[in-house]
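The values are calculated or read from the model by the stated rules, or taken from the named source; none is laboratory data. Just so it is clear, the structure is predicted and the values come from calculations on it, not from any experiment. All Cβ positions, even for glycine, are placed from backbone atoms using ideal geometry, and neighbour counts span all protein chains on display.
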Amino acid sequence: MTPAENTGVPVSMAAPIGVFDSGVGGLSVLRAIRQELPDEHLVYVADSANAPYGNRPIDFIEARSMAMVEFLIGRGAKAIVVACNTATVVAVARLRSQFRIPIVAMEPAIKPAVGLTRSRVIGVLATHQTLASDSVHRLCILYGGKVRILLQPCPGWVECVEGGDLLGVETRRIVQSALAPLMKAGADTLVLGCTHYAFLREAITDIVGPGVTLVDSAPAVARELARRISGHRRTSDPLSPACEQFYSTAPLDEATALLSRLWGKQVVVRPVDGGLDCD
């Protein structure tokens, strides 16, 4: 059966929403989804064994994205959230052409950042693949007419988060190095153009100060997802409360420790060939 045929089977309102990322960064999106949709079952897949996607070849990113979506559809997902900016700009068009369920993806929050800046200078923090994409180029043309938009790659940031080092000396050095040119240019609004970067908020704010606004698109993605599944929402069921499931391609002991820490409570992490049942 082809992936497209898989998606042609009607799914129940109780079916889960699938979310994937190159690693653990998409948990920031998962949290926003949980707040927006408290009654939905959620299944999250972290492809941490292959993170980061930002410096990978396009063919590799497309193949991994296809694999993640196929995995989630195999677990009955009624909708997919691509909680990865790099996977979005590289692979979402192909994903939408192959699968018929709703696929909601990321977009750097450049438009709202333009509306928030006072200095008329904003910085976009993202991976090389995201910053080089047609999507970001289009957003800069659409919204950058009256502001200066600085595109800043952030090498090493994803690795810091995947390694669980959010506030260490080396992490602060790496974050400081990327932020320095933006601060020198007078940026007062920073777009977090990678879902991993939400977990570096404290380190970023410590460096740039409270006067700089950080903007990410997770809440907007959650709202768009709610809109897309409005006719297939799961209703509250006290006998079967909403739950989250976590899968990873990384060694399970490492994945469990990091996902539990970032999610804020102890979670069970399964290998990507595990089954679907809520704890």
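Here Cys160 qualifies as buried (at least 22 other Cβ atoms within 10 Å of the Cβ), on the phi < 0 side of the Ramachandran plot and not aliphatic (A, V, I, L, M).
Note on the stretch 111-125: residues that are out of contact with any Ser or Thr (no Cβ under 8 Å at 6 or more places or on another chain) and closer than 24 Å to Val24 by Cβ amount to 2. Here the stretch 163-186 is the region considered, the condition is being basic (Lys, Arg) and either surrounded by fewer than 14 Cβ atoms within 10 Å (Cβ to Cβ) or in contact with a His (Cβ under 9 Å, 6 or more places away or on another chain) (or both), and the residue that is nearest to Arg56 (Cα to Cα) is Arg173. The single condition among (1) under 18 Å from Ile17 (Cβ atoms); (2) buried (at least 19 other Cβ atoms within 10 Å of the Cβ) that Ile204 does not meet is (1).
Residue by residue through the stretch 154-168, note down the ones that are under 19 Å from Ala255 (Cβ atoms) and in a loop (DSSP other than H, G, I, E, B). Of everything in the stretch 154-168, those that are under 19 Å from Ala255 (Cβ atoms) and in a loop (DSSP other than H, G, I, E, B) turn out to be Gly163, Gly164, Asp165, Leu166.
Selection of first residues in the stretch 97-113 that are under 17 Å from Ala32 (Cβ atoms) and touching a residue at least 60 places away in the same chain (Cβ under 8 Å) and of second residues that are among the hydroxyl-bearing types (Ser, Thr, Tyr) and surrounded by fewer than 22 Cβ atoms within 10 Å (Cβ to Cβ), restricted to Cβ pairs under 7 Å at least 6 apart or on distinct chains, gives the following pairs, ordered by first then second residue: Glu107/Ser135.
The single condition from (1) more than 15 Å from the chain's Cα centre (by Cα); (2) modelled with pLDDT of 95 or more that Val43 fails is (1).
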